[in-house]
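Student: Before I ask anything, here is the structure I am working with.
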Amino acid sequence: DEALVETVEMYYREQGMWRDDAADILYSSTLELDLSTVEPSLAGPKRPQDRIALSSMKRQWEHDIVQTFGKPTSESVTTTYDDHTFDLEHGDVVIAAITSCTNTSNPAVMVGAGLVARKARERGLTRKPWVKTSLAPGSKVVTEYLDAAGLTEDLEACGFYLVGYGCTTCIGNSGPLPEPISAAINTHDLVATSVLSGNLNFEGRISQDVKANYLASPPLVVAYSIAGTVDIDLTTEPIGQDPAGNDVFLADLWPSQSEIDDIVSSTVTRDQFSTEYASVFEGSEEWRAIETTGEALYDWNPTSTYVQEPPFFDGLTREVKPIMPIHNARVLAKLGDSITTDHISPAGAIAHNSPAADYLTGHGVEPAMFNSYGSRRGNDRVMTRGTFANIRVKNHLAPGTEGGYTTDFTSGEVETIFDAGMNYRAAGIPTIVLGGKDYGMGSSRDWAAKGTLLLGARAVIVESFERIHRSNLIGMGVLPLTFKEGENADTLGLDGREVFSILVDDAVEPRSDIEVKVARPDGSESSFWTTCRLDTPVEVDYYRNGGILHTVLRRMAE
C-alpha cells in the first residue's frame, strides 16, 4: 500500500524518528539477555507481575493454598455434572480461556495452542469435565487461519469453541459456571482456579467463583484444561493417560518451532487482514441499524439504565474558588496493599446482592439482564454503586466482611460503602480513603477515580500510588497524599475511626508537605505530615479547578 508507506514516512520524518539504515546507532543503554534462562512461565494467583516458572507451579501452589488462602493442601467434594461424577478439589481449573487480550494477535501461539489440542486429540485426551473452556480471539483473522490449518476441529474437540470476538473472560465476562460446580465451590469454600491467556488477573476480576487466577500462553491454557488442576508439575508429571493407560506428558503434546512455522507460513496471509479490515469503519448490520437523531447534542433518556447524564458539572461556576482545608473528614475505607483499580471499580459481573443490583432491579431490569459494570459505564448511578464493590475487597473498618462494606460512623452500623458514602454526603461530612502500597495499580480505569469522587471522598492517603490512578484522582478533583517514608496508617496508630482535618490551602505547591490533624475517639489529638502528590503546577491548577473536566470547560467558556 503505497499510500500507507508514504504516510508512515511523512509521520516519522516529522517526528524526527526517520533514520538511515546504514548509520551506526548509538544507544544510551543496552540490555543483554541470556536466552538459556528463558523458560515457560505463568503469573498469579492475584497479580500479573507475580511470575511463576512452569517447573515451580506445583510447589508455588502448595505454598499459596496454605499461606495466601489459609486452606489445607487437600480438600475435596464429590460433584456431579453433565453425566460425570468427580471430586472437585482446591486448585482445580474451572475456567480455561483463550482470550482476546494480547496473545491472540500472535499467530505462533494460537497455532501452538491448536497443535497441542491436535496432539491431545490424537492421544485420546480432552478437557476435564469440570473445566469451562472458551475461545475468544480479538480478530476474525484468527479463526480464518485456524480453519485453514484444520486446527479449529482440534480445539473444539478439547472444548475450545468460538464464543465471540473481543473482551470476554479476561474482563470478567466468562458467564456463570455450571450450577453444580458453582454450588460446590461456594458451599465448601473451595479455592478454584482459572488459567487464561489474558493480561490481568486481579482479585474478583475473572469470576466471582474463582479466587486464584493464572495468566498463561494459549498452548498452556489448553494443557491445563486437560490436566484439570494447577496442583501438578507439567514438566515432570503426566498430563493424563491415553486409552491404553499409557502416561502422556506435556512434552509429548508440545509442538516444535518448525511445526508452528510451517502452518503459520502456509495459512496466515496478508489478504486475510486486508479483507477483514477493509470495511471495519462501516460497522455491522446491527450497528448501522441503530436509530440516531442526527443532532449535535445527545438527547438524554431519563429511563435508560445504560446512559445517564453524569453530575460532574453540577453547580459549576465560571469563578475558580480557592483551595480550602478539608475539615472533620471520616474514613470511608481503610485498605491494605496492592489495591487495584479492579478492587475500586470492578468491570465484570454485577453481584446479585450488591447496591448496583438493587438499583437495576428497582428500574425493572431482571438479574439475567444485569450485564456487567463495564457495559454500564455510561450510567453513573450504577458505577457509583459499584465503587469498592469488588467481591474481594477487604475493608479494615468492617472486619469479617468481604465485598464493599464499611462502618458508617453516622450510625455506628456496618453498611455498604455506597450507602455509607451517601449518608455522609447527606450529612455534609467529607470522607477520605486510607491505603497502603501500590494503591490504584492495574488497568487505567477512569471510573476508579470518578466513583471515588461521587462517593464523597475528598482525599486518598496511602503509602504509594500507581502513576496513572494518581493522575486520574487529580483529574476528578480528589487530593492524593502519601505518608512520609517509613510511615503508614498502622505505624501512626490509625484504625480508621478517627476524624481527620487536612490542612491544604490555596498556597499549595507541587509535592509540598501537608499536615493532617487527627482527633481520636478517646478525645486525644495528634497530627502527621504527608506529601502532596500534586506533582506539577499543571496538576495544582487541575485540583484548584476541581478536576480536569472543570478546567477544560472553564477554558472553553473564556
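Every number here is computed from the coordinates shown, using simple stated rules; none is lab data. All figures in this text were calculated on a predicted structure; none of them were measured in a lab. When we count neighbours, we look across all protein chains shown, and the Cβ atoms used for this are built from the backbone with ideal geometry, even at glycine.
Student: Determine the distance separating the Cα centre of the range 121-177 from the Cα centre of the range 466-497; give it in Å without decimals.
Tutor: Going from one Cα centre to the other spans 42 Å.
Student: Cα to Cα, under 15 Å, and not fewer than 8 places away if on the same chain: which aspartates and glutamates meet these conditions relative to residue 450?
Tutor: Result set, ordered by chain and number: 309, 314, 342, 380.
Student: Separate question: Quick one: what are the phi-derived ³J(HN,Hα) couplings along the range 40-52, Karplus 6.51/-1.76/1.60 with θ = phi - 60°, whole Hz, x for glycine and proline?
Tutor: My calculation for the range 40-52 gives x, 9, 10, 9, x, x, 10, 9, x, 7, 8, 6, 10 Hz in order.
Student: Can you figure out the FRET efficiency of residue 236 with residue 429, using R₀ = 60 Å and their beta-carbon distance, to the nearest 0.05?
Tutor: Calculated value: 0.50.
Student: Separation between the residue 165 and residue 246 pseudo-spin-labels, each 7 Å from Cα along Cα→Cβ, expressed in nm?
Tutor: 4.1
Student: Grab the beta carbon distance between residue 29 and residue 83, set R0 = 60 Å, and tell me the FRET efficiency rounded to 0.05.
Tutor: Once the sixth-power term is evaluated, E becomes 0.50.
Student: Right, here's the next one. Distance between the C-alpha centers of the range 36-106 and the range 209-271? Whole Å please.
Tutor: Centre-to-centre (Cα) distance: 14 Å.
Student: By count of other Cβ within 10 Å, fewest leading, how are 418, 388 ordered?
Tutor: Ordered from fewest to most neighbouring Cβ atoms within 10 Å, 418, 388 come out as 418, 388.
Student: If you don't mind, there's one more thing I want to ask. In the chain, what % of DSSP beta bridges are antiparallel (nearest 5)?
Tutor: 55
Student: Let me ask something else about it. Given a Förster radius of 60 Å and the C-beta distance between residue 21 and residue 525 as r, what FRET efficiency does 1/(1 + (r/R0)^6) yield to the nearest 0.05?
Tutor: 0.30
Student: Please report 429, 339 as a ranked list, fewest other C-beta atoms within 10 angstrom at the top and most at the bottom.
Tutor: 429, 339
Student: Within a 10 angstrom radius of the beta carbon, how do 321, 132, 140 rank from fewest other beta carbons to most?
Tutor: 321, 140, 132
Student: Subtracting the Cα-Cα distance from 0.36 nm times the residue separation, let me have the gained length for residue 56 to residue 291 in nm, one decimal.
Tutor: Result: 79.1 nm gained on full extension.
Student: For the range 285-300, take each phi angle, set θ = phi - 60°, evaluate the Karplus expression 6.51 cos²θ - 1.76 cosθ + 1.60, and give the result in whole Hz per residue in order, putting x for glycine and proline.
Tutor: 4, 5, 5, 5, 7, 5, 7, 10, 7, x, 7, 6, 10, 6, 8, 4
Student: Going by amide H atoms built from the backbone, whose H comes under 5 Å of the H on residue 405, apart from near neighbours?
Tutor: Residues meeting the criterion, in which the H sits 1.01 Å from N, are 395, 417.
Student: For the chain, with equal point scatterers placed on the C-alpha atoms only and solvent neglected, what are the log10 I(q)/I(0) values from the Debye formula at q = 0.11, 0.12 1/Å, to two decimals?
Tutor: Those come out to -1.16, -1.28, one per q.
Student: Where does helix 417-426 land angle-wise versus the long Cα axis of the chain, in degrees 0 to 90, nearest 10?
Tutor: Long axis of 417-426 versus the principal axis of the chain: about 20 degrees.
Student: Still on this structure: Would you mind checking the pairs 128/211; 394/437; 211/484; 46/437; 71/119; 394/517 and listing those with alpha carbons more than 24 angstrom apart?
Tutor: Exceeds cut-off: 211/484; 71/119; 394/517.
Student: If you project the alpha carbons of the range 41-270 onto the principal axes, what extent comes out on each, in Å, largest first?
Tutor: Sorted from largest, the Cα extents of the range 41-270 read 50, 40, 34 Å.
Student: Same structure again: Rounded to the nearest 10 degrees, what's the angle between the helix 2-14 long axis and the longest principal axis of the chain, both from Cα atoms, 0 to 90?
Tutor: It works out to around 40 degrees.
Student: If I model a spin label at residue 13 and residue 179 as a point 7 Å from the Cα along the Cα→Cβ vector, what separation in nanometres do I get?
Tutor: With each label placed 7 Å out from Cα toward Cβ, I get 6.8 nm.
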